[in-house]
Each structure stands twice: as C-alpha cells, then as structure tokens.
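The values are calculated or read from the model by the stated rules, or taken from the named source; none is laboratory data. Owing to the predicted nature of the structure, the values given are computational and were not obtained by experimental measurement. Please note: Cβ atoms are built from the backbone with ideal geometry, for glycine as well, and neighbour counts cover all protein chains shown. Accessible surface areas use protein heavy atoms only, side chains included; no ligands, DNA or RNA. Shrake-Rupley method; radii C 1.70, N 1.55, O 1.52, S 1.80 Å.
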Amino acid sequence: MKIGIVVFPGTNRERDMVIAFERVTGFTPQIIWHRETALPQLDMVVLPGGFSYGDYLRCGAMAAHSPIMREIQAFAQKGGYIMGVCNGFQILTEANLLPGALLPNASLRFLSRDCHLRIERNDTAFTQGWKQGDIFRTATAHGDGNYFCDAEGLKRLEGEGQVVFRYASPNGEIDPSNSDFNPNGSINAIAGIVDQTGRICGMMPHPEDMVDPLMGSEDGKPLFQGIMETLTR
Amino acid sequence: MSKAQLIVNEELGKEFGLSSDEYAKVLTIMGRTPSLTELGIFSVMWSEHCSYKSSRAWLRNLPTKAPWVIHGPGENAGVVDIGQGLAAIFKMESHNHPSFIEPYQGAATGVGGILRDVFTMGARPVANLNALRFGSPDHPATRHIVDGVVRGIGGYGNCVGVPTVGGEVNFHASYNGNPLVNAMNVGVARQDRIFLSAAAGIGNPVIYVGSKTGRDGIHGATMASAEFDKDAASKRPTVQVGDPFVEKLLIEACLELMATDAIVAIQDMGAAGLTSSAVEMAGKGGVGIELNLDHVPQREEHMTAYEMMLSESQERMLMVLRPDRTDLAKEIFEKWELDFAIIGHLTDTGHIVIKHHGQTEADIPLEPLADEAPLYHRPTAPSPKPEPLGAIDVDVSIEQSLIKLLGCADLASRSWIWDQYDSTIGGQTVYRPGQADAAIIRVDGTNIGLALTTDCTPRYCAADAYQGGAQAVAEAWRNITATGAKPLAVTDNLNFGNPEKPEVMGQIVAAIEGMKDACNALDFPVVSGNVSLYNETRDANGENVSVLPTPAIGALGVIDDVSKTIGNVFKADYDLVVIGATKGELGQTLWLREILGKETGNPPQVDLQAERRNGDFVREQIANGVIEACHDVSDGGLLVAAAEMAMAGNVGCTLDVPEVGMRPEAYWFGEDQARYLVMTSQKDALLQAAKAQDIPVRFIGCTGGDSLVMPSGAVTTIARMKAASKSFFEKLMKV
C-alpha cells in the first residue's frame, strides 16, 4: 500500500497522520512537498490538517492552487483514492473535488474537543472498518468546520448517500441544532462526505489522533484498517 | 522620521528610560555623546526587561543545578536530561503589557516568542502552557481582554501546530488594568544536538532569517519596563504583530538546518530585536560583530538604523554559520519561502559596529555594555501583615458553599478556554486539561512521559510573599507528583509591581526567598525564567494599583514509562484516602473570600519536609499501582478536590467519615498544604504503607453514584455541580 501525504507550507498534522498509518497498518507513508509537479506511484493521496498558507485567504483556497493539485486532480480522474482531513477537507472543497464549503464554526470560535460520529454507510474504503450505525469518538480541532451546501446540493448529497460521517450524541442521536452534539453547526450535522465515486473523502475531525489507548481512545483505528483492506486487496 | 533630528542628551535618555546616573555611565563608556542609535541600544539593553537590574542580585540565590540539569539560566531556555539521550528544553515568559494594549496580538506574540526561545536551541516544540491573570469579572474591560488573550493564544498555538495542554487562570481586581499573560513552551531535542548562542569564528557570516523588519514594536522592551499611564492605549504601535504561519515555516526550516553542521550559533530576535540578539551572541562569544543594515530585509521604506535596531518585528532569527555552509542554508530557507540575508560578520574588535548607507551609526564596546549594566539593590520594606482571621460566623451550609465555590471565578470550569486550544495535535497528548493534575505528553518514538504544569496562588503571595513563593513551587511539584512523574525542574515568571517602591521590592525579595527554600527542599532547580516588573496601572481615581505579587511557576517532570501515569478522574467503586495532615487552615482560603467576603488571616503554611515526604510517598504508591487516581488538595480544599474528581469522571462519591476536632468548614474547605486526595482499590495496603512511613492518612469514603454525598447525608448531584462550574464563563462571556 503506497500512501502519499502532501505537505503545504503551514500543514501541521502530517506527522499525526504518519504515526496513525504506521501504528495501525504498519505501512509508512511518504511525504510529498507541495511544489512537486509529479506524484510518485501511489494508491492514496492524503491531505492532512493544518493551516496551509496561514489560512489567510479562505481556508484551503491557496493550497487548492498549488502546483501539486493539478497532479492530484489527474490522480483523481484516474481513479486514485484521496482523503482530506480538516484543512485537507477544506482544500478538497476549494479544489472542487468535493462539493460544498466549510464555513466558520457557528460559535465563531476555534473548537478543540472530542465529538462523536455516526457511520452512515460502510461500503467505502474509509468506513468499511465500521458497521453502519456505529458511533465512535474522535478529536476535533478547527475554526472553520461548519459544512454548508445549497439546498439542491444537499438533496443530491443525501440522495446519493454521499454523507459518510455525521456528528452525533454518544448514543447516536442526530440533532443538528444541538451544539453539544453538532459542535460547529454543520448542515444536517455532516462531518464527512465522499464524492460520487466514493473514492474521495473529506472529513473535519481527526481520527488520526485516536489510534492509541494511551491517548484515551482507539476509536479512529477502523478508518485506517478499512483503507488498508481496500488498498491491499 | 523626526527621530533623526532628535538631539541626544540626558533629557532624551530619560525619555528612553535611562536615569541620570545611567546616562552618565553611557557617556563614560563611550567617551563622547552617543548617537541616537547608540542611545537606543544602551536604553534597551539596560532596560529592566533585558538587564534584570532590579532582580538580578536576588535571582542569583535561586538553586540552578542538579545532576539532570544540562543548561540552567543564561541560555535561551533551560535544558534538562529526560533519559535515552534526550533533553527537554523549556521556559516561561511574560507578555503582560502588550496584552493589555492589544490583547490578541499581545498574547499571540507571547506564544510566538517563547516558541522561538525553545526551537532556537534545537528542540522541536511539543507543548504550550500558560498562566493567565485577568481583572475582576465585573470590570468592563475584562471580557474583552479575556476574549482577545484566549483567541490570541489559540490563534498562534493552533496554527503553528503545537498542542496547548495546560495552564491556570485567576481573576482579581488588581489585574484590571494590567493582565498577566505568561506563556510557557516545552521542546524536545537530542542532547548532542543542542544549539547555543555564543558566537565564534572571526570572519564568520552573520545571517538574518525569517520575516522582514518593520517598524512594529520599537522600544517594546522599554515599554515593558515602565508603569502604564492613562495614555497606555496610545502605545498600541509598540505592540508587535505575530504571524504564526511564518513561525511554523521558521521552525521547520531551522530544524532542517539544525540537522546539518552549518550552525555555529543561533539566537532568536525577541525583546529588543536585532540589538539584543547581536549583542548577546557576540558578547557571550567574546567577539565583535559588524552589521550592515543595508542588507536587512525590510518591509517598510526609509527605515533608519535606530528603527531597525530597535524593531521587535516577530519571527526573525540571527545565526552565525560556517562560511562553507552558507549556500546549503540559503537553499533550505528558500525552500520554506523565508528571507535569508547575510547582514554582517564577526570581528576581533570586541565592538558592535552598525553601518547603514555607508555611515557608521553605532560603535559600542560590548564588554562594558554588558558588564557595566546597572545592578540595583533597591530598598525593601515589609508588607503589612494581613488582618487576623477573626471570628467565623457563618450560616451557609456546606453544600451551598460548595456550589458557590465551584462557580466562583478562581475555581469554575475552564473548558470555555481550553476548548479553543488544540490540545491533541502531535498525537502524543496522554492527559489533556482537566484529566490530570499535570498535562502528560509522550515523547514521540519513546515511552517517556513529560508532566507539565503552571502554578501560583497570588492571594497567598499578597498575604505573605515568602509563603506564597514557597507554595507556588510546592504546588507545581505536587501537581507533577500527583501524576506519578518525577518533578525535575522549574521555570519561573516573576510578575510584580514597581520595584522602586520598597514594599514591592520587599515582596520580590521575600517571594524569591520562599521559592529558593522550596526548590532546595524539593530538589527542584530553576533552569530558566523571566521577570516582569512595573505591573501597575492607574485606577479610575488616578491611584497607582500594583498587581498581586505573582511569581508564576512552570514546571516539568518525567517518567520513564508514560503508561504508568494516572489522572484525577473518579471511577466507581474505589476507596478514597486523604494523604497529608488536615489542620483546617482557613486564612486566605477561597471559602473565606467567597462565602464570608473576607481576605484575612495567614495563608496556609508550607511545611517543606511534609511536602517532600508525602509527595515521595504518593509517587511511590502510584508506581506500585496502589493509587489509581490522584488530585492535589489546593484551592477550595478537600471537598472541592472531591467535587472536581467527581465532575471529571461523572462518578460521584460518598464521604461517610465525619470531620474530627474542627468545624466542618475548616475540614472540608481548609487549604492545608502537602495533601492529596487519592483513589485506591487497595485501601489496606495503602494505609499500612503510610503507617509504616509515618505519613498522615485518613480513609474518607468511596466512589460511586451520580452525586456527592456528605456524612450528614446531604446530597449534591454532579449535574448541579457541573452547571455551577460551567456558569461562570457562560455569564462572563455571554455565551
């Protein structure tokens, strides 16, 4: 399994991602600098969290125009797998690889606390380590994680089953209006989506920080197990 | 700029913060009237902030050595041995004055500055902490300052990707016009890859990297060395503006360069910018330095030498490189899209020479600039003794008191703050805020755990600065001990008022004396620190108000196997034991202040021998697996400690052993030191071990249920406690 983690200036969760892949799958991802103009042979590209270009324009907007992004677009067209977490999700929406946008949190404050996610479907590479309806705990850390798309887009997302992770209570209830469970105010409590092919996934929370019981939880492990099962099949 | 036409004389010296005597000394050293740039250099190097002229004589008394100390005070940060060839590098520093004028940028650049102090030495920063003091919750400015400071700390720390894992907060009217923002950073480096600031190698190039220089922060160090007046807000231009994105690039570029053999010496440009970094690097190396300011990357036009030398623009470093490695270094910094400029070289003259547009703007001998820096033994006077405790007349029940205490400014849940700090980034955070007495992080790639905390109880210090200084050190030591880690060393951040007032100077001297005794008794040396004086401002009536004396302590401990650390969270069906003697000291307690509205009596007395014995016992019993959760008993006393553990775990407890020999308030809310509330499933073994070592212990109840049940049978639900605890910030910030 060949995983490439793309690093932009300001990316800061790339090492968390490396640690998680190594710990759960035993595979060591390679780091790809954003100025590269060619991707090596890869099974999956990961865009990790951070503040690419300082987030001084819209989050992810600058990175979406980085040289490597043309290659990533081509990689997607060839059927490659892509996962964007946090800032990576923002970049994927800015690059139009995923629909919608990430707005500032409803509280207008940065939010770093654990939340719970419900698995909406488990037939993707990113969710097949779970059962549908499973609830898992994960960390969040973002200022702009409030997922939004227009009514038509939302209808399409929900209709096509593109919502894969939803913010939930620890018991699995979904209540978009409750800020205890839907911490950033996302529409329909959407925490993560896939594109129509199911091969491109974006999510705001950080399962990569939840792969070690010492750090309080191993709830994020199935993400990496599922990816490995898909890519090593 | 009009400054170019300024006439340099004693009057201007005064405006720059130099006394008549100090100005006379400048004339003697120079043998002539200094240029404007030279006067600027003298004034910042001899400011309180850079020279420690009021505190230096006393700081020397603090213990700084231990077998595990690699570098003590004098370097950019303290360095201690944490095993396996690794070192922890850490320091705490204040950004008080800027944070009052411009809370967001003041706090943000405080974080940025302390990060640079740590990665300058070769460490990857792994944790941020802070110690914050705000004005009264009722004061109209407090909400704005809290909001800006918390956003600033989060904005910077979150972006650079260093987890903010711990801190402390107090509110008191004495901080109304002068909040305290103390930021601490901890990094990890290989012991054989530690970088120092002493320049060496005549002719070696001096390199400037990072952001461009602007006019921001000129004379910031001088501002940090003077009282505020009513025009404080007009000093906003002296506040620096931070760019955490550039800092993140700077960290990565510096660490990449540090993996090579290119660097001879490196120093960040902090307070007094280019001046202090150049002076300190050359001075420590015993060499001269010549800078040509034409080559300094600038983001504003027509900057004068004076402005460039005194600018405190952020995210800049100065390095001395091996000449044959300059190209390699340039390549790395260009990769990270940072400015890289050769701005000078080392000389054998022993002078700092500044050239600009072909003119020599400054030529100062370095030795007297450092050696003849002013050193004051300012007069001290004792503070008045606190009023006696007086009669206790109370009609509030224990349960009502508990609820009120949990909702008070100094005890209420801080989750509103820490929810805005990324505490998990790096994937090494074992215990986050609120889960253990000290934050615990694992050192990446090892099983080593670091235990980190910041502590100080200013109201104790105001009542008795000696006891308060000792207590701050003891509490930090206790918080590390309560996790099972071994306390190693301290960084101190001494925040006081105007040292020219004998009473304030008396507080400084007494607090340092208390810290010294505690550090000695606990084998807990001071390895780095910072002093912030003149924390005073005028209140509405034009009266000068001094902040409560606040010697904030940041501390670090280590444990070989991080999986052996414990938190302070209740689980059901365990026994609860108090370790340490309960005498019921009520003087200066939060209970006294919040329930009776009195700030009287002596603060709880620190018995350093008892601290040592009780703490060593607790650590041993944690290592043996006998103690499974532990919380030191401090603000609010025993019952608050139990309530905090209950709220953290969502598990209640039944305290069915009544108080003995004292009034219930004294037993449950007294703040006697050297105590721990511990949870165990091996009560008999614990009590026996304690008896064998003559450690005072008492079984007080069991965990379980969803409420806190008192010996009287009175029940307080966790839900009610949590609501009270959460309400303070909700009300203050109108969430």
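What to note about this one:
- Options A:232, A:197, A:138; residue that is modelled with pLDDT under 95 and of a type outside the set (Asp, Glu): A:232
- The range B:324-339, residues that are touching a strand residue (DSSP E or B) at 6+ places or on another chain (Cβ under 6 Å) and open to solvent by 30 Å² or more (accessible area, probe 1.4 Å): B:330
- Hits in the range B:367-379 (condition: more than 13 Å from residue B:53 (Cβ to Cβ), open to solvent by less than 70 Å² (accessible area, probe 1.4 Å) and within 30 Å of the chain's Cα centre (by Cα)): B:369
- Counted as qualifying within the range A:108-172 are the strands (runs of 3 or more DSSP E) with 1 or more residues that are in contact with a helix residue (DSSP H, G or I) (Cβ under 7 Å, 6 or more places away or on another chain) and within 14 Å of another protein chain (Cβ to nearest Cβ), namely A:135-139.
- Flag for residue B:408 being hydrophobic (A, V, I, L, M, F, W, C) and surrounded by 23 or more Cβ atoms within 10 Å (Cβ to Cβ): no
- Residue list for the range B:672-692, restricted to those being of a type in the set (Ser, Thr, Tyr) and open to solvent by 10 Å² or more (accessible area, probe 1.4 Å): B:681
- For the range A:36-59, taking the residues that are within 14 Å of another protein chain (Cβ to nearest Cβ) and in a loop (DSSP other than H, G, I, E, B), the one that is nearest to residue B:154 (Cα to Cα) is identified as A:51.
- Here residue B:67 passes the criteria (1) touching a helix residue (DSSP H, G or I) at 6+ places or on another chain (Cβ under 8 Å); (2) open to solvent by 30 Å² or more (accessible area, probe 1.4 Å) except the one numbered (1).
- Evaluation of residue B:508 against (1) modelled with pLDDT of 95 or more; (2) in contact with an Asp or Glu (Cβ under 7 Å, 6 or more places away or on another chain) (one fails), failing number: (2)
- Residue ID - farthest from residue A:115 (Cα to Cα), chosen from residues in the range A:203-218 that are buried (at least 19 other Cβ atoms within 10 Å of the Cβ) and more than 9 Å from chain B (Cβ to nearest Cβ): A:203
- If the condition is being farther than 20 Å from residue B:154 by Cβ and either small (Gly, Ala, Ser) or crowded, with 16+ Cβ neighbours inside 10 Å (or both), then the range B:128-138 contributes B:135, B:136, B:137.
- Residue tally, condition surrounded by fewer than 21 Cβ atoms within 10 Å (Cβ to Cβ), more than 18 Å from residue B:375 (Cα to Cα) and modelled with pLDDT of 95 or more, over the range B:11-35: 5
Here's the yes/no breakdown for (1) open to solvent by 50 Å² or more (accessible area, probe 1.4 Å); (2) farther than 14 Å from residue B:716 by Cβ:
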site	(1), (2)
B:644	yes, no
B:648	no, yes
B:653	no, no
B:660	yes, yes
B:665	no, yes
B:670	no, yes
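- Filtered residues of the range B:610-625 (kept if farther than 10 Å from residue B:484 by Cβ and open to solvent by less than 10 Å² (accessible area, probe 1.4 Å)): B:611, B:614, B:615, B:617
- Residue match in the range B:483-495 (condition: more than 16 Å from the chain's Cα centre (by Cα), part of a helix (DSSP H, G or I) and buried (at least 24 other Cβ atoms within 10 Å of the Cβ)): no
- So residue B:151, is it within 13 Å of another protein chain (Cβ to nearest Cβ), open to solvent by 10 Å² or more (accessible area, probe 1.4 Å) and at pLDDT 95 or above: yes
- For residue B:108, the requirement of being more than 26 Å from residue B:445 (Cα to Cα) and crowded, with 24+ Cβ neighbours inside 10 Å is met.
- The range B:154-191 - residue that is more than 13 Å from chain A (Cβ to nearest Cβ) and in a loop (DSSP other than H, G, I, E, B) and, of those, nearest to the chain's Cα centre (by Cα): B:179
- Index of the failed condition, residue B:442 passing every other in (1) crowded, with 22+ Cβ neighbours inside 10 Å; (2) away from chain A (no Cβ under 11 Å); (3) in contact with a Gly (Cβ under 6 Å, 6 or more places away or on another chain): (2)
- Those residues of the range A:8-35 which are more than 9 Å from chain B (Cβ to nearest Cβ), farther than 18 Å from residue A:215 by Cα and not hydroxyl-bearing (Ser, Thr, Tyr), in sequence order: A:8, A:26, A:27, A:29, A:30, A:31, A:32, A:34
- Taking the range B:459-475 as the range and being of a type outside the set (A, V, I, L, M, F, W, C) and part of a helix (DSSP H, G or I) as the test, the residues that pass are B:459, B:460, B:466, B:467, B:468, B:469, B:471, B:475.
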